[in-house]
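Undergrad: For reference, the structure I am asking about is given below.
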Amino acid sequence: YNNTAIIYKDLARYDEAINFHKRSLNLKQKIGYQRGMVYSYNNLGETHRLKGELIEAQRYLDKAQVLATQLNNTMLLGSTYLYRARIAKQQSRLDEAITHLDNAMLIYQKRNAKSRIAEAEVDYGDVYFNQGLYEKAHTRYQTALDLSKEVQKNVVTFAAFEGLVNALKAQGLYQQALAALTEYQSLKAALFDK
């Protein structure tokens, strides 16, 4: 159920994703799998955020944080912080977004979770871009790109490429932006062919 929900989320079919995440959560509650419940709360929070339901998103992330704290397992909070950062970014609370990203990154680095680190790097890039710090954004997008290619996290690779192209354009590095855009489009075409 959880993995099916993630696929629906990536396809922007949020109602189906929420339905499957709730089914997953229901099973976890029935068997008392509290650690898994934290994952479900986080996933529901992120999916509601993507659907534009920020209050509902915060409610699920609060549940995740409370349960992870009760379990005395701060390592479960990486996604909670990442998703809180995205809400803050969406609401232009950029300093708060950086704080949440820093908290997420500490956990991801301890776990050596490269795909999650790559995701956080894209979000750092977005925040720095929105602050007009284009060189910092460029560095973060490039790091995200390198990591996401290594772990073959295509959704993150696409987001990193998009951010990188915009950061390069904002710095007036048009030839590099064009080269990155060309590489992005050929990679995207190859993946969709598969």
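The values are calculated or read from the model by the stated rules, or taken from the named source; none is laboratory data. Note that the structure is a prediction, hence the values are computed from the model and not measured. Cβ atoms come from the backbone with ideal geometry, glycine included; neighbour counts cover every protein chain shown. Accessible surface areas use protein heavy atoms only, side chains included; no ligands, DNA or RNA. Shrake-Rupley method; radii C 1.70, N 1.55, O 1.52, S 1.80 Å.
Undergrad: Sequence neighbours fewer than 8 away in the same chain don't count; with that in mind, list the aspartates and glutamates whose C-alpha is under 13 Å from Lys51.
TA: Within the straight-line cut-off, Lys51 pairs with Asp10, Asp15, Glu16.
Undergrad: Charges only on Cβ, +1 for Lys and Arg, -1 for Asp and Glu: so what's the dipole of the chain about the Cα centre, in debye to the nearest 20? Don't jump to the answer; show the numbers that get you there.
TA: Values: 26 positive and 20 negative charges, 141 e Å.
Computed charge dipole of the chain: roughly 680 debye.
Undergrad: Could you give me D for region 112-165, from Stokes-Einstein at 10 °C and 1.306 mPa s, where the hydrodynamic radius is the Kirkwood radius over C-alpha pairs? Units µm² s⁻¹, please. If you can, show how the numbers build up before the last one.
TA: Details: Rh = 10.3 Å.
Answer, rounded: 154 µm²/s.
Undergrad: Given the pairs Lys22/Lys136; Lys110/Lys169; Lys9/Lys89; Lys30/Lys89; Lys22/Lys188, which span a C-alpha to C-alpha distance of over 30 angstrom in this model? Don't skip to the end; give the middle numbers.
TA: Working: Lys22/Lys136 38 Å; Lys110/Lys169 34 Å; Lys9/Lys89 20 Å; Lys30/Lys89 35 Å; Lys22/Lys188 32 Å.
Beyond 30 Å between Cα atoms: Lys22/Lys136; Lys110/Lys169; Lys30/Lys89; Lys22/Lys188.
Undergrad: Right, here's the next one. On the accessible surface of the chain, probed at 1.4 Å, how many percent belong to carbon and sulfur atoms?
TA: On the way: 5090 of 10200 Å².
Carbon plus sulfur share of accessible area: 50 percent.
Undergrad: Which value, in debye to the nearest 20, gives the size of the charge dipole of region 71-180 about its Cα centre, when Lys and Arg are +1 and Asp and Glu are -1 at the Cβ? Mind dumping the intermediate values first?
TA: On the way: 13 positive and 11 negative charges, 47 e Å.
Dipole magnitude for region 71-180 comes out near 220 debye.
Undergrad: Hey, another quick one. Using a 7 Å offset from the Cα along the Cα-to-Cβ direction at both Lys51 and Lys110, what is the distance between the two label points in nm, to one decimal?
TA: The two pseudo-label positions are separated by 3.2 nm.
Undergrad: Could you run the Debye sum over the Cα atoms of region 49-193, one equal point scatterer each and no solvent, and tell me log10 of I(q)/I(0) at q = 0.19 Å⁻¹, two decimals?
TA: Results for region 49-193 at q = 0.19 Å⁻¹ read -1.13.
Undergrad: Can you give the extra length, in nm with one decimal, that the chain gains between Ile31 and Leu133 once fully stretched, where that is 0.36 nm per residue apart less the Cα-Cα distance? Can you show the working numbers first?
TA: Values: separation 102, 0.36 × 102 = 36.72 nm, distance 4.78 nm.
This chain segment gains 31.9 nm when fully extended.
Undergrad: Averaged per residue, what accessible area in Å² does the chain show with a 1.4 Å probe, protein chains only?
TA: On the way: 10200 Å² over 194 residues.
Accessible area per residue: 53 Å².
Undergrad: Work from the charge dipole of the chain (Cβ charges, +1 for Lys and Arg, -1 for Asp and Glu, about the Cα centre) and give the residue of Tyr14, Tyr41, Tyr141 farthest towards its positive end.
TA: With unit charges placed on the Cβ atoms, the residue in question is Tyr41.
Undergrad: Considering the options Gln70, Tyr184, Gln171, tell which one lies farthest towards the positive end of the dipole of the chain, charges being +1 on Lys and Arg and -1 on Asp and Glu at the Cβ, about the Cα centre.
TA: Gln70
Undergrad: To continue, here is another question. Starting from the Cα gyration tensor of region 1-82, take the square roots of the eigenvalues, sort them a ≥ b ≥ c, and report rounded, prolate or oblate (rounded when a/c is under 1.5, otherwise prolate if a/b is larger than b/c, else oblate). Display every interim value, and only then the final one.
TA: On the way: a/c = 2.04, a/b = 1.33, b/c = 1.53.
Judged from the Cα gyration tensor, region 1-82 comes out oblate (a/c at least 1.5, b/c at or above a/b).
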